[in-house]
1. ARG270 is checked against (1) assigned to a loop (DSSP other than H, G, I, E, B); (2) in contact (Cβ under 8 Å) with a residue 40 or more places away in the chain and fails just one. What number does that condition carry?
2. Is one or more of the residues making up the stretch 230-247 modelled with pLDDT under 90 and of a type in the set (Asp, Glu)?
3. Hey, could you check the stretch 228-266 for residues that are of a type in the set (Val, Ile, Thr) and under 43 Å from the mean Cα position of the chain (by Cα) and say which is surrounded by the most Cβ atoms within 10 Å (Cβ to Cβ)?
4. With (1) in contact with a helix residue (DSSP H, G or I) (Cβ under 6 Å, 6 or more places away or on another chain); (2) of a type outside the set (A, V, I, L, M); (3) in contact (Cβ under 8 Å) with a residue 40 or more places away in the chain as the list, and THR241 as the residue in question, which single condition is left unmet?
5. Test ILE178 against the criterion of being surrounded by 14 or more Cβ atoms within 10 Å (Cβ to Cβ) and either of a type in the set (D, E, K, R) or modelled with pLDDT under 95 (or both), and give yes or no.
6. Could you pull out the residue among VAL280, VAL276, VAL291 that is touching a residue at least 60 places away in the same chain (Cβ under 8 Å) and over 37 Å from the mean Cα position of the chain (by Cα)?
7. Is one or more of the residues making up the stretch 83-92 among the polar types (S, T, N, Q), within 24 Å of the chain's Cα centre (by Cα) and not in a strand (DSSP E or B)?
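The values are calculated or read from the model by the stated rules, or taken from the named source; none is laboratory data. Not measured: the values here are computed from a predicted model. Because the Cβ atoms are built from the backbone with ideal geometry, glycine has one as well, and the counts that use them run over all protein chains shown.
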Amino acid sequence: MKRLTLFFVTVLLAASLCSAQTYQDASQFPWIRLQATDTTPPAVEGALYHDLSEHIPKVYANGSWTALGAGTFAGGSVTADIVMTTGEYIRSSTTTAHTTGLQGYDVDGTAYVNGISVTNGNTVAVALGAATASVAITSTGFNVSTAGAVSGVTTLAASGNVTTAGVTFGTTGGSEYIAVVDLADSDMVALRGTPVELIAAPGEGKYIEVVACQLIFDYGSGTAYAESADNLILGYDDGTTQIGNTLEMTGFIDQTADMVLWWVNSATARAAALAVNQNVALKNSGDGEIVTGDASDGALRVIITYRVYSSLGL
């Protein structure tokens with residue numbers, strides 16, 4: 001009530017002064033200058049001063065110093081956009097360990113949860129999100145730089161760009177991925193006529209480089225697969241253009257034990273058009289389909305590491 005009364009008295013005083021005479025310019029208009037200091041003056045009810053340290057006027061009311069005008073917001077609803085000029089900030093207090101921030105309302109939990117929180121200290125602590133909040137960042141560019149360790153990250157589930165220790169994943173200049181493909185018995189016995197896609201075609205102007213590949217035969221029990229000249233290859237365009245060496249099946253899928261076989265690349269030149277925007281598949285290059293054993297035989301797992309290149313003018 002005291003603050004409101006003071007405001008109206010000031011307005012009435014200014015109005016009366018303005019109506020008493022005509023002023024030629026702003027320098028002739030009456031004004032009151034508050035004492036400017038960075039030292040808090042004696043606590044006297046209704047006292048006014050300009051705080052140099054925070055650059056705002058303050059009034060002593062109801063037992064405490066309170067900033068006037070745009071320096072503080074006393075609470076309530078904001079019904080219009082807040083527009084700030086350059087160099088203006090929303091700031092916390094100067095008290096150590098004070099936490100301020102932005103909260104959203106959890107309808108199910110019927111409580112407010114932190115979206116962004118800032119805690120004062122020798123090093124300001126900024127926290128994004130909370131245990132009951134989801135955080136999404138959409139941007140044309142997002143850079144994370146830190147002098148310390150990044151902790152608390154257990155899984156990067158989504159696709160995107162990640163750079164760590166000089167290795168880049170997700171860029172258009174040589175992104176690297178790992179694909180794991182499991183073949184069932186029905187796939188194994190049809191690989192000659194129906195190759196299994198391991199890597200989808202990457203898109204116009206892009207091509208796939210196979211970096212490494214291993215085949216793991218998980219033997220079940222009973223009779224193993226039977227083959228004579230039925231070997232496997234990796235190839236572009238559903239296996240039409242072979243990549244690297246031929247994977248010998250003798251001594252591999254005909255064994256009654258778990259087995260591992262490694263693919264090896266080769267220095268074979270080929271027309272670039274045979275690789276651009278082509279998938280990579282596993283194919284039986286032999287003279288007939290592989291013959292299955294009994295229904296309890298194991299399956300084949302393919303683990304393939306590859307890079308995708310683009311913007312190379314191909």
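1. With respect to (1) assigned to a loop (DSSP other than H, G, I, E, B); (2) in contact (Cβ under 8 Å) with a residue 40 or more places away in the chain, ARG270 is out only on (2).
2. Step one: filter the stretch 230-247 for residues modelled with pLDDT under 90, giving 230.
Now narrow it down to the ones that are of a type in the set (Asp, Glu): 230.
Yes: one or more hits.
3. Filtering the stretch 228-266 down to residues of a type in the set (Val, Ile, Thr) leaves 233, 240-241, 243, 246, 250, 253, 256, 260, 264.
If we keep only those that are under 43 Å from the mean Cα position of the chain (by Cα) too, we end up with 233, 240-241, 243, 246, 253, 260, 264.
On the way: ILE233: 21, THR240: 12, THR241: 18, ILE243: 22, THR246: 15, ILE253: 24, VAL260: 11, VAL264: 10.
Looking at residues that are of a type in the set (Val, Ile, Thr) and under 43 Å from the mean Cα position of the chain (by Cα), I get ILE253.
4. THR241 satisfies every listed condition except (3).
5. Details: surrounded by 14 or more Cβ atoms within 10 Å (Cβ to Cβ): no; either of a type in the set (D, E, K, R) or modelled with pLDDT under 95 (or both): yes.
So ILE178 does not fit the description; no.
6. Working: VAL280 fails: over 37 Å from the mean Cα position of the chain (by Cα); VAL276 fails: over 37 Å from the mean Cα position of the chain (by Cα).
After applying the criteria, what remains is VAL291.
7. Applying the first criterion (among the polar types (S, T, N, Q)) to the stretch 83-92 yields 85-86, 92.
After this cut, where a residue has to be within 24 Å of the chain's Cα centre (by Cα) as well, the list is none.
Among the residues of the stretch 83-92, not one is among the polar types (S, T, N, Q), within 24 Å of the chain's Cα centre (by Cα) and not in a strand (DSSP E or B), which makes the answer no.
Yes/no per residue for (1) farther than 17 Å from LEU232 by Cα; (2) at pLDDT 90 or above; (3) not assigned by TED's automatic domain parsing to the domain that holds TYR207:
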position: PHE252; (1), (2), (3): no, yes, no
position: VAL260; (1), (2), (3): no, yes, no
position: TRP263; (1), (2), (3): no, yes, no
position: LEU274; (1), (2), (3): yes, yes, no
position: GLN278; (1), (2), (3): yes, yes, no
position: ASN284; (1), (2), (3): no, yes, no
position: VAL291; (1), (2), (3): no, no, no
position: ASP297; (1), (2), (3): yes, no, no
